[in-house]
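Student: This is the structure I have questions about; it appears just below.
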Amino acid sequence: MSDTAVQLSGVTKTYGTGTSWLARLTRQRAATLTAVDGVDLELRRGEVLALVGESGSGKSTLAKILVGSTSPTTGTVEPTGRGKAAARRVQMVFQDPYSSLNPRLTVGAVLAELLRLHEIVPRAQVRAECERLVNLVGLEADVLDAYPSQFSGGQRQRLAIARALAVRPDVLVADEPVSALDVSVQATVLDLIARLRAELGLSVLFIAHNLAVVQHLADRVAVMYLGRIVEVAPTAELFSSPRHPYTRALIDSIPRMAAGSVNDEFELDGEPPSPYDVPAGCRFHPRCPLATDECRATDPPLLDVGTARQSACLHADQLATIPLPEPGPLEPQR
Amino acid sequence: MTSTQPAPFRVGIDETVPLLRVRDLSVGTSGATIVDGVSFDVAAGERTGIVGESGSGKSLTLRAIAGLLPRGVRVTGGAVEYGGTDLLTMPARRRRALMGPEIAMVFQEPMTALNPVMRVGDQIAEGPRRHLGLGKAEAADLAVQMMARTGIPDPARRARAYPHELSGGLRQRIMIAMAVSCGPRLLLCDEPTTALDVTVQLQVLKLLERLCEDTGTALVFVTHDLAVVNQTCSAVDVMYAGHVVESGPVAEVFTAPKHPYTRGLLESAPDFDRPDRELVPIPGFPPNVADRGPGCPFAPRCGYVVDTCRTQMPPLATVAPGRLAACFETDRLGEAL
Amino acid sequence: MTTTPAPPAVLAAQAEEAAPDPVRPARSRRLKPWYRNGTLVVGLVIVGLLVAVAVFAPLLAPYDPVKQDLQNALQSPGAEHWLGTDKYGRDVLSRLIWGARVDLRIGFLAVLIPFVVGTVVGALAGYFGGWFDTVVMRVVDVFFAFPFYVLVIVLVFVLGAGESSIYLAIAAVSWVAYAKIMRGELLVAKKQDYVTAARLGGMSHGRILLKHIAPNVLSQALIYACSDIVMDILAIVTLGYLGLGIAPPTAEWGSMILDGQEFITTQWLQATIPGLAVVVTSLGLSLLGDGLSDQLSPERRK
């Protein structure tokens with residue numbers, strides 16, 4: 001059994017927006033949206049890999065490709081497969097706890113259906129297995145007869161996780177699972193994911209925009225910008241010494257609980273650009289404080305910059321020399 | 001209007017009292033009370049954060065101050081004093097005249113707050129034309145100036161755009177430009193950065209800070225994000241289930257909280273500067289509006305609860321200089337975290 | 001006073017004992033039980049009474065509705081004939097009661113085929129999209145270009161008067177509304193995360209449509225069906241009035257209005273009462289539909 005749970009190679013996803021027949025007649029070029037542009041990504045067995053990016057980064061599309069909801073335009077996803085076999089391998093937890101559970105079905109009905117469809121356990125043991133699943137996520141057996149509307153957001157996310165685990169997948173894709181939850185409840189779900197990873201050996205792809213959450217939970221982090229992965233590194237290293245200006249800017253934009261100044265050199269101008277309009281050369285150069293002429297001309301590939309680290313920046317080494325601001329003193333001392 | 005000072009008195013402002021005093025404000029529907037006896041002060045030029053989770057009533061509190069409550073929801077008690085005069089008992093016309101020149105609001109979702117069929121420059125100009133009596137051309141110039149001040153590149157051209165042609169961050173800046181166009185003394189913000197990307201959020205927060213410092217505008221910033229409050233505000237009020245449970249300077253409240261809920265919030269949120277700290281979630285969930293019984297609303301989830309907590313509502317009282325908390329057991333929280 | 005707060009983990013454990021993770025009670029706070037929904041109850045009562053009248057017509061009607069009695073023609077309302085008699089001496093009240101049978105039966109039956117056909121076609125169009133959706137929607141657009149009653153009348157005229165023609169004509173015309181409604185519902189439903197989750201769970205489209213989506217969207221078709229019955233009854237009455245409906249001498253509200261038309265200045269009850277019956281029926285069904293709508297999908301209340 002290899003160390004790799006899922007391998008994405010050269011994955012690209014483009015959407016052609018429909019052209020009217022008139023435009024086709026006059027041979028206008030269709031507007032294409034490049035959501036994902038040549039991504040190589042490995043999810044290792046038993047790890048939590050965080051995928052971080054802002055709007056237009058393509059992280060949601062990448063997740064859909066990994067799960068099999070969408071097919072890539074080019075590139076491969078290993079292992080591959082569709083239908084029931086794929087369902088046993090990869091499962092997903094969604095962002096919105098209020099639309100991810102069918103309001104007309106009881107929790108027990110949903111779980112039992114999955115168990116029976118995939119013949120996970122013999123018929124006689126289905127109920128017991130349902131109980132085991134909800135206990136696994138920290139809920140009592142009496143939830144099986146209840147409808148989703150009777151639960152809070154945090155509980156619903158836990159039920160969604162139970163549903164995902166019903167088919168005993170190898171890989172769990174969590175698409176911003178805590179973003180819609182109250183802060184005080186997020187920790188429950190985060191700790192649950194960590195515990196399940198440890199107990200069941202799950203491999204988890206965790207999509208998030210909240211870097212504090214990512215730092216807490218992930219083993220490795222991949223940063224996406226405009227359809228490309230621009231940096232991959234183990235969590236601690238990524239946050240202590242980022243090697244891509246965008247990563248740096250993301251870190252600097254996190255609001256802090258400690259009094260500390262944000263390094264103004266890395267405050268970005270402008271907006272996350274549109275995937276319809278990818279800049280030539282390094283796609284980050286219009287907003288990059290370190291951009292040089294070389295950056296405007298070349299599109300840097302993702303290269304190794306250290307052990308188990310990669311960065312797609314021509315000036316990755318230069319970044320290593322710019323220190324992150326020290327968090328200021330917490331006043332008074334904690 | 002070219003000065004950066006707030007406009008001269010349009011309403012009689014009593015400068016001896018805090019700019020905004022909310023006293024025992026209650027807001028609700030005919031069936032339920034959602035905001036229950038909320039009190040806090042905002043001094044002129046001060047930046048205050050109101051922090052709470054879902055069901056805390058923080059958004060409704062803000063809307064009650066602005067007079068923008070949704071249908072079916074009314075103020076059921078209390079007072080909102082602006083410069084010494086109660087807004088709630090003011091004649092409606094006079095109160096409406098305040099919105100813009102004195103008090104302005106920034107909403108969470110710019111796409112629904114902006115008129116989709118009006119150019120953004122015209123939308124910004126609308127306020128000054130109405131409240132400051134500026135002519136069409138003057139107001140248009142002012143709008144472009146305001147857009148420049150909020151950091152919108154190429155403002156003269158962008159003023160002719162429609163909201164859907166702009167990105168989220170730009171729309172939020174437009175909304176801020178609209179809000180400050182008449183030079184208000186009080187800016188109310190309802191989760192203005194929650195819907196934005198994190199790098200854009202930083203830009204908008206810095207913009208708000210800068211604008212408020214330049215013009216001496218007071219800011220009331222409603223959010224669920226403690227760290228945003230920490231960076232942007234100097235004072236904070238923590239709300240839970242319709243009550244203010246703690247109040248005080250940001251640095252003190254966040255390092256030495258005096259209410260178990262505040263402490264719970266701090267302990268359950270991941271803190272970027274302390275990645276190894278274990279997260280402790282607050283068990284249970286906030287009560288439904290209809291389920292609030294007597295006693296402290298946090299009692300079912302509180303680790304410090306004693307019998308009195310379940311039967312009596314703790315009053316918001318001074319527990320240290322400049323610090324207010326609504327808890328009977330606040331002394332047991334005495335030590336810093 | 002103690003000064004050392006308990007460590008966080010202990011506090012959390014204490015709190016958890018105090019507040020185990022509760023599930024909320026079954027009845028959602030916002031949804032009233034059906035028997036307290038005024039609109040629904042009134043609608044049910046009215047429709048229930050009408051159905052009862054129709055079902056028990058043989059027991060309730062004092063006279064035979066088709067038996068002529070020319071000597072007693074055109075009587076005013078009195079002790080013997082509560083609503084008087086028509087030009088053939090037939091008791092108006094009895095004809096009204098038996099007419100309820102005809103109109104209600106046809107109205108309820110006529111809605112069945114459009115409901116089934118329209119719902120299925122619309123749901124498939126919305127769920128699968130593609131060329132099928134485009135074709136269906138263009139067909140629907142064509143039908144919508146014509147007023148409902150005009151099409152029905154023309155079709156019955158072409159097919160010849162009679163009950164089966166009415167069913168055919170109404171079926172041919174009114175399925176489009178169901179198709180459009182269900183297509184819209186499916187377009188929204190298929191984007192819901194729970195549907196994506198079901199697909200990821202390895203379920204076939206058929207299973208998802210029948211077991212997962214149907215319970216969530218069928219209520220909309222049901223609610224529309226209530227107002228559709230009203231439309232159908234009006235169509236039947238209109239056809240009867242135009243002489244294209246059920247052949248005489250069967251009692252039917254539309255033909256009663258036609259018969260009573262010429263006596264509008266003298267015995268105005270004959271033409272008016274059946275019309276009032278139609279109004280009451282429509283009211284009852286509309287209230288029923290509204291009440292169902294509030295009950296089954298309260299989140300859509302405007």
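Student: Show me, bin by bin at 10 Å from 0, the whole-percent P(r) of chain C based on Cα pairs.
Tutor: It works out to 6, 21, 24, 19, 13, 8, 4, 3, 2, 1, 0, in whole percents.
Student: Rounded to the nearest 500, what is the 222 nm mean residue ellipticity of chain A from helices alone, with -39500 (n - 2.57) per DSSP H run of 4+ residues and division by all residues? Write down the numbers at each step before the final one.
Tutor: Details: 12 runs with 106 residues, N = 334.
When only DSSP H runs of four or more count, the value is -9000 deg cm²/dmol.
Student: Using a 10 Å cut-off on Cβ to Cβ distances, tally the other chain neighbours for every residue of A:55-62 and report the average as a whole number. Mind dumping the intermediate values first?
Tutor: Values: counts 6, 2, 1, 0, 0, 0, 0, 0.
That works out to 1 on average.
Student: How big, in percent, is the set of alpha carbon pairs in the range C:71-124 lying more than 13 Å apart?
Tutor: Details: 962 of 1431 pairs.
Percent of Cα pairs beyond 13 Å in the range C:71-124: 67.
Student: Suppose every K and R has +1 on its Cβ and every D and E has -1 on its Cβ; what is the size of the dipole of the protein assembly as shown about the Cα centre, in Debye to the nearest 20?
Tutor: Numbers: 90 positive and 97 negative charges, 407 e Å.
Charge dipole, the protein assembly as shown, about its Cα centre: 1960 debye, nearest 20.
Student: Going by a ≥ b ≥ c, the root eigenvalues of the Cα gyration tensor, does the range B:102-141 fall in the rounded group (a/c under 1.5), the prolate group (a/b larger than b/c) or the oblate group? Mind showing how you got there, number by number?
Tutor: On the way: a/c = 3.27, a/b = 1.47, b/c = 2.22.
Cα axes put the range B:102-141 in the oblate bin.
Student: Let me ask something else. Tell me the label-point distance for the pair B:Asp291, C:Asp64, using the 7 Å Cα-to-Cβ offset, in nm and rounded to one decimal.
Tutor: 6.8 nm
Student: Based on the alpha carbon coordinates of the protein assembly as shown, what radius of gyration and maximum Cα-Cα distance (Dmax) apply, in Å?
Tutor: 33.8, 115
Student: Give the Debye-formula value of log10 I(q)/I(0) at each listed q (0.13, 0.19, 0.28 Å⁻¹), with one equal scatterer per alpha carbon of the range B:164-224, two decimals each.
Tutor: Debye output, listed in q order: -0.32, -0.68, -1.35.
Student: Say we join alpha carbon atoms closer than 10 Å with springs in a Gaussian network model of chain A; which of A:Val110, A:Val221, A:Val171 then has the biggest fluctuation?
Tutor: A:Val110
Student: A further question follows. In vacuum, with every alpha carbon of the range A:39-161 counted as one equal point scatterer, what does the Debye formula give for log10 I(q)/I(0) at q = 0.11, 0.20 Å⁻¹? Two decimals, please.
Tutor: -0.48, -1.24
Student: Run the simple label-point estimate for A:Ala85 and A:Thr14 please: 7 Å along Cα→C-beta, distance reported in nm.
Tutor: Calculated label separation equals 3.1 nm.
Student: Another question about this same structure. Counting only residues 5 or more places away or on other chains, whose amide H sits under 5 Å from the amide H of A:Ser57 once H atoms are built in the peptide plane?
Tutor: Amide H to amide H, under 5 Å and 5 or more residues apart or across chains, A:Ser57 pairs with A:Leu226.
Student: OK, next. Given a Förster radius of 60 Å and the C-beta distance between B:Arg94 and C:Gln71 as r, what FRET efficiency does 1/(1 + (r/R0)^6) yield to the nearest 0.05?
Tutor: Values: r = 81 Å, r/R0 = 1.35.
The value I calculate is 0.15.
Student: Please give the net charge around C:Ile113, taking every other residue with its beta carbon less than 13 angstrom from that of C:Ile113, where Lys and Arg add +1 and Asp and Glu add -1.
Tutor: Net charge around C:Ile113: -2.
Student: Using alpha carbons only, how many angstrom separate the centre of the range B:32-83 from the centre of the range B:147-164?
Tutor: Using only Cα atoms to place each centre, the spacing works out to 32 Å.
Student: Quick check: from the Cα gyration tensor, does chain A come out rounded (a/c under 1.5), prolate or oblate? Spell out each step's value before the answer.
Tutor: On the way: a/c = 1.99, a/b = 1.37, b/c = 1.45.
Oblate.
Student: Ignore the peptide's own chain and count Cβ atoms of other chains within 10 Å of each Cβ in C:187-194; give me the average, rounded.
Tutor: Working: counts 0, 0, 0, 0, 1, 8, 13, 12.
If you average over the peptide's residues, the count of other-chain Cβ atoms is 4.
Student: Taking 2.2 N^0.38 Å as the expected size of a compact globular protein, what ratio does the Cα radius of gyration of chain B give against it, to two decimals?
Tutor: Working: Rg = 20.5 Å, N = 337, 2.2 N^0.38 = 20.1 Å.
Relative to the 2.2 N^0.38 Å estimate, chain B comes out at 1.02.
Student: Where Rh denotes the Kirkwood radius from the mean inverse Cα pair distance, what is Rg over Rh for the range B:60-183?
Tutor: Details: Rg = 15.6 Å, Rh = 15.4 Å.
Rounded to two decimals, Rg over Rh is 1.01.
Student: Further question: Pick from B:Gly83, B:Gly28, B:Gly72 the residue whose mean-square fluctuation is largest in a GNM of chain B, springs joining Cα atoms under 10 Å.
Tutor: Highest fluctuation of the listed residues: B:Gly72.
Student: In the range B:62-123, which trypsin sites (Lys or Arg not before Pro) are in a loop and have at most 15 other Cβ atoms within 10 Å, using DSSP for the loop call? Please report the intermediate quantities before stating the final value.
Tutor: Details: sites: B:Arg63, B:Arg71, B:Arg74, B:Arg93, B:Arg94, B:Arg95, B:Arg96, B:Arg119; in loops: B:Arg71, B:Arg119.
Counting only loop positions with at most 15 other Cβ atoms within 10 Å, the trypsin sites (Lys or Arg not before Pro) in the range B:62-123 are B:Arg71.
Student: Let me spell out the model: positive unit charges on the Cβ of Lys and Arg, negative unit charges on the Cβ of Asp and Glu, origin at the Cα centre of chain A. What dipole size does that give, in debye rounded to 20? Numbers along the way, then the final one.
Tutor: Working: 33 positive and 38 negative charges, 293 e Å.
That gives chain A a dipole magnitude of about 1400 debye.
Student: Extension gain B:Ala32-B:Val117, at 0.36 nm per residue separation less the Cα-Cα distance, in nm?
Tutor: Working: separation 85, 0.36 × 85 = 30.60 nm, distance 3.72 nm.
The span from B:Ala32 to B:Val117 would gain 26.9 nm if fully extended.
Student: Still on this structure: Taking every residue in B:191-200, how many Cβ atoms of other protein chains lie within 10 Å of its Cβ, on average? Numbers along the way, then the final one.
Tutor: Details: counts 0, 0, 1, 0, 0, 4, 10, 13, 15, 7.
Mean partner-chain Cβ count within 10 Å for B:191-200: 5.
Student: Give the Cα extents of the range C:141-246 along the principal axes, in whole Å, largest first.
Tutor: If we take the Cα atoms of the range C:141-246, the spans are 57, 23, 19 Å.
Student: Moving on. Quick check for me: using +1 on Lys/Arg Cβ and -1 on Asp/Glu Cβ, what's the dipole size of the range A:53-175 about its Cα centre, in debye to the nearest 20? All intermediate terms of the calculation are to be shown ahead of the outcome.
Tutor: Values: 15 positive and 12 negative charges, 66 e Å.
Using only the charged Cβ atoms, the result is roughly 320 debye.
Student: Here is a further query. How charged is the neighbourhood of A:Glu113? Take every other residue with its Cβ under 11 Å from the Cβ of A:Glu113, and add Lys/Arg as +1 and Asp/Glu as -1.
Tutor: +4
Student: Convert each backbone phi in the range B:139-147 into a coupling constant with the Karplus relation 6.51 cos²θ - 1.76 cosθ + 1.60 (shift: θ = phi - 60°), then list the ³J(HN,Hα) values in order as whole Hz, x for Gly and Pro.
Tutor: 5, 4, 4, 4, 4, 5, 4, 4, 5
Student: Let me ask something else about it. I need the trypsin sites (Lys or Arg not before Pro) found in the range C:175-206, filtered to DSSP loop residues with at most 13 other beta carbons within 10 Å of theirs.
Tutor: Details: sites: C:Lys180, C:Arg183, C:Lys190, C:Lys191, C:Arg199; in loops: C:Lys190, C:Lys191.
For trypsin sites (Lys or Arg not before Pro) across the range C:175-206 that sit outside H, G, I, E and B with at most 13 neighbouring Cβ atoms in 10 Å, the list reads C:Lys191.
Student: I'd like the Karplus ³J(HN,Hα) series for the range B:168-173: coefficients 6.51, -1.76, 1.60, θ = phi - 60°, whole numbers in Hz, and an x wherever there's a Gly or Pro.
Tutor: Working through the residues one at a time gives x, x, 5, 5, 5, 5 Hz.
Student: Please give me, ordered by residue number, the chymotrypsin sites (Phe, Trp or Tyr not before Pro) of the range C:198-296 that lie in loop per DSSP and have at most 11 other Cβ atoms within 10 Å.
Tutor: Numbers: sites: C:Tyr224, C:Tyr241, C:Trp253, C:Phe263, C:Trp268; in loops: C:Phe263, C:Trp268.
Those satisfying the criteria are C:Trp268.
Student: Over its Cα atoms, what ratio of radius of gyration to 2.2 N^0.38 Å does the range A:79-218 give? All intermediate terms of the calculation are to be shown ahead of the outcome.
Tutor: Values: Rg = 14.4 Å, N = 140, 2.2 N^0.38 = 14.4 Å.
It is 1.00.
Student: Tell me, what does the Kirkwood hydrodynamic radius of the range B:241-337 come to in angstroms if you use every pair of distinct C-alpha atoms?
Tutor: Details: mean 1/r = 0.0709 Å⁻¹.
Kirkwood hydrodynamic radius for the range B:241-337: 14.1 Å.
Student: Compute a Gaussian network model of chain B, connecting alpha carbons closer than 10 Å, and tell me which residue from B:Ser181, B:Ser56, B:Ser167 fluctuates the most.
Tutor: B:Ser167
Student: Given the peptides C:212-222, B:307-317, arrange them by the average over their residues of other C-beta atoms within 10 Å, most packed first. Before the final figure, lay out the partial values.
Tutor: On the way: C:212-222: 19.0, B:307-317: 14.8.
Packing proxy ranking, top to bottom: C:212-222, B:307-317.
Student: Modelled label-to-label distance, C:Leu242 and A:Ala320, 7 Å Cα→beta-carbon offset: nm?
Tutor: Simple spin-label model gives 8.7 nm for this pair.
Student: Taking R0 as 45 Å, what FRET efficiency do you get between B:Glu213 and C:Val142 from their Cβ-Cβ distance, rounded to the nearest 0.05? Intermediate results must be reported in sequence, preceding the final value.
Tutor: Details: r = 64 Å, r/R0 = 1.43.
The computed FRET efficiency comes out at 0.10.
Student: Separate question: Please report, to one decimal in angstroms, the Kirkwood hydrodynamic radius of the range C:45-151 built from all distinct Cα-Cα pairs.
Tutor: Numbers: mean 1/r = 0.0574 Å⁻¹.
So the Kirkwood estimate lands at 17.4 Å.
Values quoted throughout were computed directly from the atomic coordinates according to the rules given, and no laboratory measurement underlies them. Because the structure is predicted, anything quoted here is derived from the model rather than measured. Positions of Cβ are backbone-derived with ideal geometry, glycine not excepted, and every protein chain shown enters the neighbour counts.
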